[in-house]
Amino acid sequence: MFGKVKKWLGIEGVKLELELPEMAFEEVGAVSGQIVFRSKHAQTVTSIRVVMIERYTRGRGKEKLIDEYLLGEINLDKRIEVPAEEPIAVDFTLPFEMVKAPIDEFASRNFINKGIAKLAKTFRNTKSEYRIEAEAKVEGTALNPFDRKSIEIIPIGEV
C-alpha cells in the first residue's frame, strides 16, 4: 500500500534534470539542451513541456514591480520509457522571441539614446533574469517532475 502511495506521489519515481548551456544568443533565437530522466522504477513519460521565461524587475523597495513574460514554449508529445536505474536523455531545441521594453525600443534608435536608456535603467533599477523550465507528465502519478535553470541571454550586437 505504501509503495502505491509513493508511486502516485512520484516519490522514488521519475526525476527530471535540465542540461543547458550557460548562455544563449538573442540573434540565434533558440536554445538547445537535454532533458535527462532517471528513475528507481520503470515508468512512462507521456509528454514534456519546456518554456523560457523572462523575469523583469524594476523599482526599489515598496515600489518594486515584477513581471514575467513567456518568451518561448514547446510541447513534446511522445512516450518515453524510462527504465529502472538507467538515465535516458531527450534532446530539444526551444525557439524564443525576446520582448522589448519601451526603454529598449528607445535605446535601439541610435547610440545617444542608448546611453540615455542605460542611465534610465540604472536609475530605475531594471533587471531581466531568464530561466528555462521543464515539466514532464508521468503515467500513474499525481505530481509531475520538473526542473528549472537560469540562463544568460547575450543581446544582439554584444558578441
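Every read-out reported here was derived from the displayed coordinates using simple, explicitly stated rules and does not represent laboratory data. No experiment lies behind these values; they were computed from the predicted model shown. Please note: Cβ atoms are built from the backbone with ideal geometry, for glycine as well, and neighbour counts cover all protein chains shown.
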About the Cα centre, charge dipole magnitude for the chain (Lys/Arg +1, Asp/Glu -1 at Cβ), debye: 760
log₁₀ of I(q)/I(0) at q = 0.18, 0.20 Å⁻¹ - the chain, Debye sum with one point per alpha carbon: -1.05, -1.20
Two-site FRET efficiency, K118 against E68, from Cβ-Cβ distance with R₀ of 30 Å, rounded to 0.05: 0.80
Set K62/K137; K40/K149; K40/K78; K62/K118 screened for pairs whose C-alpha atoms are more than 27 Å apart: K62/K137
Lys/Arg +1, Asp/Glu -1 at C-beta; the range 19-159 dipole; positive extreme among I53, A107, F92: A107
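Cβ neighbours within 10 Å, averaged per peptide: list 37-50, 74-87, 133-146 in order, most packed at the top.
37-50, 133-146, 74-87
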Mean separation of Cα contacts under 8 Å (6+ apart) over length of the chain, as relative contact order %: 33
